[in-house]
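> Here's a structure for you.
Every read-out reported here was derived from the displayed coordinates using simple, explicitly stated rules and does not represent laboratory data. Small disclaimer: the values here were computed from a predicted structure and weren't measured. Using ideal geometry, Cβ is built from the backbone for each residue, glycine included, and neighbour counts are taken over all protein chains shown.
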Amino acid sequence: MKAKIFVYTLLSVGLMIASPISFVYACDFHDQPSFGGFRSMGGFAQSHPLMKQHINQANSPQLTLTHERILKAALAKPDSIDITYHLPVNFKDASLRFTHSEGIELDIQSKVAIEKLNGTYTLNYVANKPGKHHILVWADATKQTLPFSKVQRIELEVN
């Protein structure tokens, strides 16, 4: 008898939870089209203030670095690469710094301050060993009082 009551109770609770009559009350933004299951965040993401906050951050202008990704370099011959940058106005105290694999010598030893919003920095280097090497370009800045870093890799094939 107790098992029968337990099964009926469990079945009743399950039906109440799954019933289309049950309602959930939340803020006004949760009653938008496409809210159920979020449906790829269609209606919810476009209307809810907390979701808009994340969308706006993703769409805010970012610091960009543009340069060649793969270079062919001659052994023991000085060479250079141009690194073009764009710094949005909400970034402050920006600088470039570089690290490299063994067998590469850079003309600069410390970081380079970025003074303008747009510009090009020419990085001079010499490859002392044949083979595959890399240079990492680091852009460091402060974005609305928070630290920001971006790293990009340049591959060098030295013959």
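> Straight-line reach from LYS116: which lysines have Cα under 28 Å away, leaving out those fewer than 8 places along the same chain?
The qualifying lysines are LYS92, LYS143, LYS150.
> With +1 assigned to the C-beta of every Lys and Arg and -1 to the C-beta of every Asp and Glu, and no other charges, what is the dipole magnitude of region 64-158 about the Cα centre in debye, to the nearest 20?
220 debye
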